[in-house]
Amino acid sequence: MSGDGLLVAVDSPVHRVPAQVKLVALFVFVLAVVSTPAAIFWAFSLYAVMLVAAVVVAKLPATVVSRRLAVETPFIVFALLLPFVATGPQVHVLGLHLSQSGVLGAWNVLAKGTLGVIAAILLSATTAPRDLLAGLERLRLPATLVAILSFMVRYLSVVSDDLHRMRVARESRGYTGGRVGHLKAVAGGVGVLFVRSFERGERVHLAMRSRGYTGRMPLLSVSGATRAQWLEGLAISLAAVTIAVAARVVSL
Amino acid sequence: MLRFGRNKNNNERVHVPDGFFNAPTSVATGLIAAGAVGFSLQRANRELRETGPALAGLTAAFVFAVQMVNFPVGAGTSGHLLGGALAAALVGPWTAVLVMSTVLLVQGLLFADGGLTALGTNITLMGLITVLVGYFLTRALMKVLPRRVGSVVPAATVGALVSVPVAALAFAGLYSIGGAVDIPLGKLATAMVGWHVLVGIGEAVITAAVLSAVVATRPDLVYAARHLQQDLVLVDADGNTSTVSPDRPIAAKPAGRSLGVGVAVTLFVAGGLSLFASAHPDGLEFVGAKLGFEGAAKDSAVAGSPLADYGVHGIGNAQVSGALAGIIGVLVTIVVGLAIAKLASLRTNKAS
């Protein structure tokens, strides 16, 4: 677990767009994709082309993107089941009785889910966690939530490493965790991990207090985005909104 | 994430992706989630001022890390923890809602796990429903069980067991109003709940094991059992004994009238979603399906793209149900918000 999340550390125009712009752009893009009628196939190919272009501009290796698409797998399974469980009139494909709405639903989930995941990968691979938090702060996320998020991101690798060390220690004692009898050992370790994390949290807070923390964290972000940056970052999203509106009009 | 990933392929931690629910449903659940997070921020404010955001952040990091641990839960299978009920028992419901939301936010933004528009749905299902159902069930059961700190383990076990199928039921309810495909609600609910009872058993076993480990070492850290702490008995050099009540600055209030309200709210959230799912105009959908499908079915024999005609109609249909979902979602938010506010004021009165 690296503290950098999924960041691919290269320099590209996409990396340089301020995080708050990217967050808004991602949100608008995904919302446009989600509200596009599933049967307007050309709209989805346009979205895909724009996303691929953005991935190329961001200099992300195709292997990285495709590997991270794996998070989608459970829903691909769900989507592939849809044609068999959904009701409605049937179509016959290769001797299989499939529900029409199910087939369309499967396509709907697959297309929108995949586009959404690629867009999210684009964000997470081009934005460092710290910038992301600064962006959320600029977008007026409540300060307490930003503080909690920043502590989580900061201590994620510490807690993960704690867990990893405890796993190494446990497995070297023979508790590899394969059998039910090992549950107590695994769960005991996790219980200790909670106590350690809790106590670390208390220590960190006391250390902050002794250094003058009064309940307000210093701002993470330094400056806002310029109008040009907003326009540059939102270009794809605005195009997506136009496509979504066009698709709606066509489908009426 | 990959360091623990020896068995990463059987990680059942499933997040709803983008496009699974239509836009109005996503917006409605987004509003519910935002309201819940805002309310929790307010409720947890006192605790957060006292313990600092660091503690909540570290708890979130803990939940994130633990979700990747493979627990052997029997029959040769391993389970993963969702952690809602466990977090609620350990740090209290409001902080737990914040912690779970933080975890989901980080997974969605930093690890591209779960869609951004589905974030509201994910927070509502996994951050809100599991936490509230788990916590209030735990507290209700602790009222019945012997007044010992150890009672929190069986209570939270049942809380965890129930919280997962309830979240699955809520998912089925949401899907029947905001999913694009008309799967019969009964079929979907049965499948979802059936499968998630199994997941819930795993969740319960893991929650019980982890919680009993914490109770054995630091019982004072278990939020749900703080009011059951024994008084400290001090014996000085002369043999005089005196009792001191333990330091419990943010102790949970003893179970009282508020609990009934809490359980009612929880059940409402749980059951309400599936109830108003059945308020979904099946008749309208039926008629729409009749009209739309017949035409499409004929076309499909001829047209190369059998779905083209149907899709148009299906979307019109989805819009109607989506709008309904939006309206009902907001209404539910208001009602739940009022109910929780009522509960909150009851608790505050007790505190003062």
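What to note about this one:
- For chain A, built as a Gaussian network whose Cα springs stay under 10 Å, the top-fluctuating residue of A:Arg211, A:Arg140, A:Arg167: A:Arg211
- Per residue of A:200-206, other chain Cβ atoms within 10 Å of the residue Cβ number 6 on average.
- Protection proxy ranking, highest mean first, for peptides B:56-62, B:15-21: B:56-62, B:15-21, where packing is the per-residue count of other beta-carbon atoms within 10 Å, averaged.
- Averaged over the residues of A:34-44, the number of partner chain Cβ atoms lying within 10 Å of the residue Cβ comes to 6.
- When the square roots of the Cα gyration tensor eigenvalues are ordered a ≥ b ≥ c, the ratio a/c for the stretch A:141-210 is 1.5 or more and a/b exceeds b/c, which makes its shape prolate.
- Residue among A:Val52, A:Val204, A:Val24 with the largest mean-square fluctuation in a Gaussian network model of chain A, springs linking Cα atoms under 10 Å: A:Val204
- Overall form of the stretch B:52-199 per C-alpha gyration tensor (a/c, 1.5; a/b vs b/c): oblate
- Short-range pairs are left out: with C-alpha atoms under 8 Å and at least six residues apart, the relative contact order of the stretch B:39-148 is 27 percent.
- Rounded to whole Hz, the Karplus (6.51, -1.76, 1.60) HN-Hα couplings of the stretch B:217-228, x for glycine and proline: 9, 10, x, 5, 7, 7, 4, 5, 10, 5, 6, 9
- Estimated FRET transfer efficiency (A:Lys59, A:Leu252; beta-carbon r; R0 35 Å; 0.05): 0.30
- Counting, for every residue in A:132-145, the Cβ atoms of other protein chains within 10 Å of its Cβ and taking the mean gives 3.
- Convex hull per residue volume in Å³, alpha carbons only, for chain A: 201 Å³
- You can think of it this way: the chain between B:His227 and B:Arg147 has 27.9 nm of extra reach, that is 0.36 nm per residue less the Cα-Cα gap.
- Note on A:Lys184 and B:Asn45: their simple-model spin labels are 4.6 nm apart, each label 7 Å out from Cα toward Cβ.
- Helical segments meeting 20 Å axial Cα length and Kyte-Doolittle -1.0 threshold in chain A (DSSP H): A:19-34, A:41-57, A:100-126, A:143-172, A:183-210, A:227-251
- Stretched out straight at 0.36 nm per residue, the stretch from A:Ser12 to A:Glu199 would grow longer than its current Cα-Cα span by 63.2 nm.
- GNM top mover of A:Ile40, A:Ile118, A:Ile236 - chain A, alpha-carbon springs below 10 Å: A:Ile40
- Placing +1 on the Cβ of every Lys and Arg and -1 on the Cβ of every Asp and Glu, with no other charges, gives chain A a dipole of roughly 700 debye about its Cα centre.
Each value in this text was obtained by applying a stated rule to the coordinates, not by laboratory testing. Everything numeric in this text was worked out from a predicted model, so none of it was measured. Note that each Cβ is placed from the backbone with ideal geometry, even for glycine, and that neighbours are counted across all protein chains shown.
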